[in-house]
Amino acid sequence: MPVAARSIVSALRGMLGGERVRDDEAARAAAALDGLAPRWVVRPAALAQVRDVLGLAHDAGLAVIPRGSGSSLELGHPPARMDVLLDLSGLDRIVEYNPDDLTITVEAGATVGALTARLAARRQILPLDPPGALTRTLGGVAATNASGPLRARYGTMRDLVLGVRFVQADGVLTWGGARVVKSVSGYDVPKLMVGSLGTLGVLGELTLRLYPLPDAEATWLVSCRDAAAAQELVLRILDSTIQPGRVELLNGAALAACGAVESAAAVAVSIATVEAAVRAQGEALDALARAVGAAARPGGEDFWTRYGAATEGGRGTTLLVATLASKLAETVAEIERSGPAMIAGCGALGSLRVSLPSRDPAHVKAVVERLRARLAPDGGSVVVQRAPRDVRVAVDPWGPIAPGAFALMQALRDEFDPARVLNPGRFVGGL
Amino acid sequence: MLLSPGVVGELQRILGAGGLILSPEGRLVYECDMHTFYKGAPDAVALPERAEQVVEIVRLCRRERLPIVPRGSGTGLIGGVAAPSGGVMVGLNRMTRVLDVDLPNRCATVQPGLINLWLTKAVQDRGWFFAPDPSSQMVSSIGGNVSTNAGGPHCLKYGITTNHVLGLEVVTGTGELVRLGGKVADRPGYDLTGATVGSEGTFGLVTAVTVRLTHAAQAVKTILASFTAIEDASEAVSAIIASGIIPAALEMLDELMIRAINEGTGAGYPKDAAAVLLIELDGPAAEVDAQGERAALFCWERGALEVRVARDDAERALLWKGRKEAAGAVGRLAPAYLLQDAVVPRSKLPAIMRELVLIGARHRVQIANVFHAGDGNLHPLILYDDRNPDELERAKAANEELLRACIAMGGTVTGEHGVGLDKAKNLPLQYADADLNFMFRLRRVFDPDGIMNPGKLLPTHPACGEGFRPERPRLPEGAWI
C-alpha cells in the first residue's frame with residue numbers, strides 16, 4: 001500500500017516531538033550517505049522512541065540507517081535504500097554505574113570519551129581504544145566491533161559486553177545477556193549483536209565489564225631491521241611470561257606518521273601493572289629485543305596519542321587485514337609490494353589496519369583481491385573499513401564468507417528482519 | 001518412542017559394529033548426567049568417530065523427526081544430557097584427537113570428546129595451558145565445555161569458555177556441516193561461533209573446536225585467609241578488587257562448609273573460622289609479590305584470624321585441598337544436597353549470605369556455601385535427607401527462593417553450569433517474553449525442526465506453547481495507512 005509522506009512525518013513528530021524530526025533539505029543533505037539522502041533525520045531522546053520509530057518504519061516499509069557518531073558510515077556496501085536516518089547520539093545517559101562490581105550500563109549513544117571521563121574518578125577503565133575512540137559512541141563501537149591496541153590484553157567489545165538492550169526491526173524492545181560479570185543463562189545474544197552492524201536490531205543500551213586502572217604503565221618502541229624481525233619479536237613476546245597491554249606492529253610508513261625514528265618496521269609494546277613489575281618486564285622485553293638484533297627504547301608518554309592520530313586513517317582507503325601472527329611479515333610484504341601503505345595493528349592477533357593513499361577503485365580492488373587470495377588458505381580476511389563509494393562498489397568490502405556459515409547468516413537476517421528495515425544491503429553478502 | 005527396524009538398520013550402517021548401543025542395560029548408563037533428578041534413557045546411543053557419521057545421523061533423525069541428545073562425558077549438572085523423550089543420543093567421547101597444535105598462533109584444534117585436562121597436558125611442557133578449568137576438568141570434554149560455556153575458579157581472570165573459543169565445526173539441526181570462525185580473528189559477518197558456545201546442543205553437534213591457548217604465568221602465589229565473620233571476608237574481597245588486583249581465583253567457603261571439611265580430611269582451617277578465603281594470584285613475579293603483600297594486608301585489616309601464604313607447590317596444593325573437596329565433604333553433614341549455581345553482583349555478597357540464612361531457616365534446611373567470590377558466583381549446597389520426601393520438597397522450595405533472591409539483587413540464574421532441563425523454567429525470572437521469543441527464533445535458525453536436544457535451555461510457554469509472543473509498540477491510529 002502506498003504511504004503518504006506527510007502522515008509519516010506527523011506520526012514521527014507525534015512520537016518524538018517536532019524538533020527531533022527533520023525533513024528540511026539541509027538536514028537531509030548533511031545526513032546523506034553514499035549519495036543517498038534520507039527522507040527524515042530523527043534524533044530520539046529515549047529508547048522508547050527508538051522502539052516507536054522502528055515500529056512505524058517496519059509497518060510503513062521504510063529503510064532505517066542507525067548512526068552513532070558517524071565515524072563508520074563508509075563501512076560496508078552502500079545502503080540499498082535509506083528513508084530514515086536514526087541518529088542515536090541523543091541516547092547518551094549513563095544508566096547505572098556500579099564501581100564495586102566493575103560494571104556499567106550506558107545508553108548506546110554515549111561516547112567512549114564521556115564514559116572514560118566518568119570512570120577516571122574511580123580509577124577504572126573501559127579498555128576499548130579503536131582509532132578516534134573518544135568521540136565514537138559505544139553503540140557504534142559495538143555494532144562494528146571496532147578495536148584498538150588494548151585488545152592484546154583485554155579483547156574486544158565481544159569480550160567486554162555483558163548485556164544488550166536493543167530494538168528489533170519490528171520495534172520489539174529486547175534484552176539479552178546479564179548485568180553481572182558471569183552468566184550463561186540462555187543464548188549469548190550479546191555476542192550475536194556485537195559486529196552485526198545493526199542488522200539484527202538497533203543497540204540501545206549496553207552493560208559493560210570494566211577494569212581497574214593499573215598502578216603504572218610504560219611503553220617501549222623496538223625498531224627492527226625488517227618486518228620479519230618484528231614478527232619474530234612479537235612471537236617471542238607471546239611465548240614469554242611478559243603480560244603486555246599492547247603489542248602493535250608498525251611498518252616504516254606508520255612509524256614515520258607517529259613521528260618516530262625511521263626504520264623498516266617496529267613493535268610498540270606497553271606494559272601496565274605495579275611499578276616493580278613494569279620495570280622487570282621492560283627488562284625482559286629488552287632481552288627479547290636484543291635476541292632479534294634490536295633494542296627496546298622508551299616510546300614516550302604520548303606515544304599512544306600520536307599512534308591513535310596516525311592510525312585514524314586519512315582521506316584514502318582503510319583496510320582491516322586479518323592474518324595469523326606467524327604470517328605478519330609475509331602479509332606486510334604482500335601489502336607493501338602493491339604500493340605505498342601505512343600498516344599498523346595488533347601483532348599479537350594478526351589484526352592489521354592498512355591505510356592506502358589510493359582512492360582509485362581499480363587499484364584498491366587489485367590490492368584487496370590479491371591479499372584475499374593470499375590469506376584465504378589460513379582463513380584470513382580483508383575488510384574495507386573506509387573508502388569512497390566507488391571503491392566499495394568495485395570491490396566487495398567484506399569479502400567472501402564460507403557458504404555454510406553464510407547460509408546461516410542469511411537465515412538469521414531473514415528471521416529477524418525479513419523486510420530489511422535495518423541497514424538494507426550494507427552487511428556481508430549484501431544482507 | 002521406539003525406533004523402527006529400518007532406522008536401526010540405517011544407524012548400524014552409519015556407525016558400524018560397536019558404534020551403536022541398543023540394549024536396555026547399555027542405554028541405561030546414558031540416562032542422566034550428574035544431576036540425577038532428570039532421567040530418561042535414549043532409544044539408541046550412537047558413538048560416531050567421524051564428523052561425516054554425525055552428518056548422516058542428523059540427516060536421518062531429521063527425516064524421521066527423532067530427537068537428538070548430544071553427550072560428552074556426562075559430567076554436566078543441569079540434566080542437559082537426559083533424554084526424557086527418547087530419541088538418539090550422540091556420544092562424542094570417541095572423538096578425542098588433538099588435530100592441530102599451533103603455539104606461535106596460540107591455538108589448538110581438537111575433537112569434541114577430548115578431555116579438558118588432556119589438552120593442557122599436551123602443551124604444558126612447552127609452557128602453555130587451556131584456561132577454562134571447570135572442577136570436572138579431569139573428566140569433562142571440551143565439547144561439553146563448549147556446550148555449556150563452562151567456567152571454573154580461574155575464569156575470574158581468564159574468562160569462561162567462550163573467551164577461549166576461536167572456531168567451531170558444527171553439524172546443525174539440518175545436517176549441514178559448517179565451519180564457524182577459525183584461527184584468524186576478526187571474521188566478517190555475524191559471530192556465529194560466539195552464539196553457538198553455550199547453546200547446550202540445541203543448535204547442533206560440535207565436531208571440532210579451535211581454542212585459544214594461554215601462556216603459563218611466571219609466578220603463582222596462593223594465600224589462604226580465615227575470618228570470624230563472612231562479612232569481613234566479603235569486605236576483604238571488595239578491598240582486593242577495588243585496589244586494582246585481578247586475582248586468578250578468589251574462592252570463599254562458609255562456616256558450615258569449613259566444618260564439613262575440617263571433620264574430614266582436615267585441611268586444617270582454624271576451628272572458629274566462619275569464612276575462609278582462598279586467593280590465587282598469577283603473573284610476572286614482581287607483580288605477584290607486590291599484589292600478594294597487598295592482598296594479605298587487606299585481609300589482616302579486615303580482621304583475619306590468620307593468613308597463610310603457600311611457599312611451594314606442595315603447600316599450594318594443600319591450601320586448595322579443602323576447596324577441591326568441598327562438595328564431597330558435605331556428605332558428612334547430610335546424605336544428599338542440591339547444588340545451586342547463581343550469580344549476584346559481587347557487592348551484594350554479604351546481603352545474599354544473610355538472605356540465605358533466612359531462607360534456610362524458613363524451609364528448615366541447612367545451606368553450605370562454597371563460591372567464586374570474585375565474580376559473585378554462588379554455589380550453595382542445600383542439604384537434605386533423600387530418605388525423607390518432605391525434606392526434599394523443602395530443599396527444592398529453598399532452592400527456588402534462593403534463585404529469586406539472586407535475581408532480585410540483579411543477578412542471573414546460572415553463572416557457569418548452564419540451563420539444561422533444570423533451569424529452563426527459571427529463565428522467565430530473568431527474561432521477558434520478547435527476550436525469550438528472540439532466543440526461540442535464534443534456535444530455529446540453526447534447528448528449524450526442533451530435533452536438537454529438545455526441552456533443554458528454553459522453557460515452554462504455558463499458554464502459547466512455544467514462542468513467547470512479544471509486545472510490539474502501539475502506533476498512533478490512522479497516521480499513515
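The values are calculated or read from the model by the stated rules, or taken from the named source; none is laboratory data. Remember, predicted model here, so these are calculated numbers, not experimental data. Please note: Cβ atoms are built from the backbone with ideal geometry, for glycine as well, and neighbour counts cover all protein chains shown. Note: areas computed on protein heavy atoms with side chains; ligands, DNA, RNA excluded. Shrake-Rupley method; radii C 1.70, N 1.55, O 1.52, S 1.80 Å.
Within segment B:346-365, which residues have the backbone N less than 11 Å from the label spot 7 Å out from residue B:388 along Cα→beta-carbon, could you tell me?
Residues B:364-365 qualify, since their backbone N sits under 11 Å from the label point.
For the protein assembly as shown, what is the mean residue ellipticity at 222 nm derived from helices alone (per DSSP H run of n ≥ 4: -39500 (n - 2.57); sum divided by total residues; nearest 500 deg cm²/dmol)?
Values: 32 runs with 311 residues, N = 912.
It comes out at -10000 deg cm²/dmol, rounded to the nearest 500.
When chain A is modelled as a GNM with alpha-carbon springs shorter than 10 Å, which of A:299, A:14, A:252 fluctuates the most?
Looking only at A:299, A:14, A:252, the biggest GNM fluctuation is shown by A:14.
So which of B:183/B:324; B:221/B:396; A:182/B:324; A:182/B:183 end up more than 29 Å apart, counting from Cα to Cα? Numbers along the way, then the final one.
Numbers: B:183/B:324 34 Å; B:221/B:396 39 Å; A:182/B:324 21 Å; A:182/B:183 25 Å.
Table pairs above 29 Å Cα-Cα are B:183/B:324; B:221/B:396.
Please list, ordered by chain and number, the residues whose modelled amide H lies under 5 Å from the amide H of residue B:249; skip anything fewer than 5 residues away on the same chain.
B:280
Read phi for every residue in segment B:393-402 and hand back ³J(HN,Hα) as whole Hz from Karplus 6.51 cos²θ - 1.76 cosθ + 1.60, θ = phi - 60°, with x for Gly and Pro.
4, 5, 4, 5, 5, 4, 4, 5, 5, 4
Helix A:275-291 against the longest principal axis of chain A: what's the angle in degrees, Cα atoms only, rounded to the nearest 10?
The angle comes out at about 70 degrees.
Using +1 on the beta carbon of Lys and Arg, -1 on that of Asp and Glu, and nothing else charged, what's the dipole of the protein assembly as shown about the Cα centre, debye to 20? Don't skip to the end; give the middle numbers.
Numbers: 94 positive and 100 negative charges, 280 e Å.
That gives the protein assembly as shown a dipole magnitude of about 1340 debye.
Measure nothing but the geometry: give the 0 to 90° angle between the long axis through the Cα atoms of B:433-446 and the longest principal axis through the Cα atoms of chain B, rounded to 10°.
In chain B, helix B:433-446 runs at an angle near 50 degrees to the longest axis.
Taking the simple approach of a point 7 Å from Cα along Cα-to-Cβ for both residue B:301 and residue A:376, what is their distance in nm?
Going by the 7 Å Cα→Cβ label model, 6.0 nm.
Quickly work out the residue A:279-to-residue B:318 label distance, labels modelled 7 Å from Cα along the C-beta direction, and quote it in nm with one decimal.
3.4 nm
Name the residue from B:166, B:250, B:199 whose Cα lies farthest towards the positive end of the charge dipole of segment B:166-270, charges +1 on Cβ of Lys and Arg and -1 on Cβ of Asp and Glu.
Projecting each Cα onto the dipole axis, the largest value belongs to B:166.
Plugging the Kirkwood radius over Cα pairs into Stokes-Einstein for segment B:230-328, at a temperature of 4 °C and a viscosity of 1.567 mPa s, what D comes out in µm²/s? Walk me through the intermediate numbers first.
On the way: Rh = 13.9 Å.
Answer, rounded: 93 µm²/s.
In vacuo Debye scattering of the protein assembly as shown, one point per C-alpha: log10 I(q)/I(0) at q = 0.08 Å⁻¹?
With one equal scatterer per Cα and no solvent, log10 I(q)/I(0) is -0.75.
Mind listing the phi-derived Karplus ³J(HN,Hα) values for segment A:90-100, rounded to whole Hz, using 6.51, -1.76 and 1.60 with θ = phi - 60°, and x for any glycine or proline?
So the Karplus estimates, Gly and Pro as x, are x, 8, 10, 7, 8, 6, 7, 10, 10, x, 5 Hz.
Near the amide H of residue B:336, under 5 Å away, which other amide H atoms are found, from residues 5 or more places off or on another chain, if H is placed in the peptide plane?
Amide H neighbours of residue B:336: B:384, B:386.
Under a point-charge model restricted to the Cβ atoms of Lys and Arg (+1) and Asp and Glu (-1), what is the dipole moment magnitude of chain A relative to its Cα centre, in debye to the nearest 20? Numbers along the way, then the final one.
Working: 45 positive and 44 negative charges, 75 e Å.
Dipole size: approximately 360 debye.
Counting only protein heavy atoms and rolling a 1.4 Å probe, how much accessible area do A and B lose on contact, total for both sides, in Å² to 100? List each step's numbers first, then the result.
Values: alone 18240 and 21250 Å², together 32330 Å².
Looking at A and B, the buried total is near 7200 Å².
Take the alpha-carbon centre of segment A:170-225, take the same for segment A:286-335, and report the distance between them in whole Å.
Distance between centres, Cα-based: 25 Å.
Eigenvalues of the Cα gyration tensor times 5, then square-rooted: what semi-axes does that give for chain B, in whole angstrom, largest first? Can you show the working numbers first?
Values: eigenvalues 292, 147, 113 Å².
Three semi-axes, in Å: 38, 27, 24.
Mind checking the dipole of segment A:377-431: about its Cα centre, +1 per Lys or Arg Cβ, -1 per Asp or Glu Cβ, Debye to the nearest 20?
Details: 6 positive and 6 negative charges, 51 e Å.
With Lys and Arg at +1 and Asp and Glu at -1, about 240 debye.
Tell me the relative contact order for segment A:1-140 as a rounded percent, counting alpha carbon contacts under 8 Å between residues six or more apart.
After rounding, I find 20 percent.
Kindly state, to the nearest 0.05, the FRET efficiency for residue A:302 paired with residue A:134, given R0 = 22 Å and r defined as their beta-carbon distance. Mind showing how you got there, number by number?
Working: r = 15 Å, r/R0 = 0.67.
For R0 = 22 Å, the calculated efficiency reads 0.90.
Note every residue of segment B:422-439 with a reduction of at least 20 square angstrom in accessible area, all protein chains present versus the isolated chain, computed with a 1.4 Å probe, or write none.
Those are B:430, B:431, B:434, B:435, B:438, B:439, which lose 20 Å² or more relative to the chain on its own.
For chain A, calculate the relative contact order in percent as a whole number, restricting contacts to Cα pairs under 8 Å that are 6 or more residues apart. Walk me through the numbers on the way to the answer.
Values: 936 pairs, mean separation 73.0, N = 431.
Relative contact order of chain A: 17 percent.
Exactly which trypsin sites (Lys or Arg not before Pro) in segment B:263-363 are in a DSSP loop and have at most 14 other Cβ atoms within 10 Å?
Working: sites: B:271, B:294, B:302, B:308, B:311, B:316, B:321, B:323, B:324, B:332, B:346, B:348, B:354, B:362; in loops: B:271, B:302, B:311.
For trypsin sites (Lys or Arg not before Pro) across segment B:263-363 that sit outside H, G, I, E and B with at most 14 neighbouring Cβ atoms in 10 Å, the list reads B:271, B:311.
Using a 1.4 angstrom probe, figure out how much accessible area segment B:203-255 has per residue, in square angstrom, rounded to the nearest whole. List each step's numbers first, then the result.
Numbers: 1240 Å² over 53 residues.
Solvent-accessible surface per residue comes out at 23 Å².
Could you work out how far helix B:5-15 tilts from the main Cα principal axis of chain B, as a 0 to 90 degree angle to the nearest 10?
Roughly 60 degrees between the two axes.
Under the Karplus relation 6.51 cos²θ - 1.76 cosθ + 1.60, θ = phi - 60°, what is the ordered set of whole-Hz ³J(HN,Hα) values for segment B:93-104, x standing for Gly and Pro?
Rounded to whole hertz, the list is 7, 9, 9, 10, 7, 8, 7, 6, 10, 10, 5, x.
Taking springs between alpha-carbon atoms closer than 10 angstrom, which of A:149, A:400, A:78 fluctuates most in the Gaussian network model of chain A?
Highest fluctuation of the listed residues: A:400.
Give me the 1.4 Å probe accessible area per residue for segment B:270-398, excluding ligands and nucleic acids, in Å².
Details: 5400 Å² over 129 residues.
Dividing the accessible area of segment B:270-398 by its residue count gives 42 Å².
Collect residues whose amide H, placed 1.01 Å from N in the peptide plane, falls under 5 Å from the amide H of residue B:90; neighbours closer than 5 in sequence don't count.
It is B:46, B:69, B:71, by chain and number.
Which FRET efficiency value, to the nearest 0.05, is calculated for residue A:19 and residue A:366 with the Förster distance at 30 angstrom and r the Cβ-Cβ distance? Each step should come with its number before you reach the end.
Numbers: r = 48 Å, r/R0 = 1.60.
E(calc), rounded to 0.05, equals 0.05.
Running a GNM on chain A with Cα contacts under 10 Å, which residue among A:319, A:249, A:408 ends up with the highest mean-square fluctuation?
Its mean-square fluctuation being the largest, the pick is A:408.
With a cut-off of at most 12 other beta carbons within 10 Å, and DSSP calling the residue loop, which chymotrypsin sites (Phe, Trp or Tyr not before Pro) in segment B:1-109 qualify? Please list them. Working shown, then result.
On the way: sites: B:30, B:37, B:38; in loops: B:30, B:37, B:38.
When the chymotrypsin sites (Phe, Trp or Tyr not before Pro) of segment B:1-109 are filtered for loop state and at most 12 Cβ neighbours within 10 Å, B:37 remain.
I'd like to know how chain A sits against the 2.2 N^0.38 Å rule of thumb: what's its Cα Rg over that expected value?
Details: Rg = 22.2 Å, N = 431, 2.2 N^0.38 = 22.1 Å.
Here the answer is 1.01, to two decimals.
Positive end of the charge dipole of the protein assembly as shown (Lys, Arg +1 and Asp, Glu -1 on Cβ, about the Cα centre): tell me which of B:209, B:382, A:71 has its Cα farthest that way.
Selected residue: A:71.
Farthest toward the dipole's positive end in segment A:140-289, which of A:237, A:164, A:142, given Cβ charges of +1 (Lys, Arg) and -1 (Asp, Glu) about the Cα centre?
Checking the options against the dipole of segment A:140-289, the answer is A:164.
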